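Undergrad: The following block contains the structure, expressed as structure tokens.
The values are calculated or read from the model by the stated rules, or taken from the named source; none is laboratory data. In this text the structure is predicted, and so the values were computed from the model without any measurement. Neighbour counts are summed over all protein chains in view; Cβ atoms, including those assigned to glycine, are modelled from backbone coordinates with ideal geometry. What goes into the accessible areas is simple: the full protein's heavy atoms, side chains included, and nothing from ligands, DNA or RNA. Shrake-Rupley method; radii C 1.70, N 1.55, O 1.52, S 1.80 Å.
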Amino acid sequence: NVPEDQADKLLLASWGLPKAVLEKYHSLGVMQMFEWQAECLMLGQVLEGKNLVYSAPTSAGKTLVAELLILKRVLETRKKALLILPFVSVAKEKKCYLQ
């Protein structure tokens, strides 16, 4: 569980994302994360590029965790990222979404 003193970490606005990115998520109705998603981002040195392996049911929100990690790393390091998706339809959807 996310400690009470870090409850603000559930809000996307707490993760230092650019305004345009936050506005895109907000337009899709995503303003905060589930506790488990914030926990993933706060584990160890995940935000510094260390590995993270997590499992959740379909449609639980795994993609949001991956997107936030990728966006933060790309924006902070100015390096490219490779996002591998399981289906062409999902890849096309994410391409349009992330542009």
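Undergrad: Scan region 82-92 and tell me whether some residue there is open to solvent by 70 Å² or more (accessible area, probe 1.4 Å), assigned to a helix (DSSP H, G or I) and among the polar types (S, T, N, Q).
TA: Yes, that holds for at least one residue.
Undergrad: In region 51-63, which residue that is of a type in the set (Ser, Thr, Tyr) and not in a helix (DSSP H, G or I) is farthest from residue 9 (Cα to Cα)?
TA: 58
Undergrad: Being surrounded by 13 or more Cβ atoms within 10 Å (Cβ to Cβ) and small (Gly, Ala, Ser) is the filter here; which residues of region 51-62 pass it?
TA: Scanning region 51-62 gives 56, 60, 61.
Undergrad: Then there's this: Please work out which residue is least open to solvent (accessible area, probe 1.4 Å), limiting yourself to region 1-50 and to residues that are outside any helix (DSSP H, G or I) and farther than 27 Å from residue 99 by Cβ.
TA: 2
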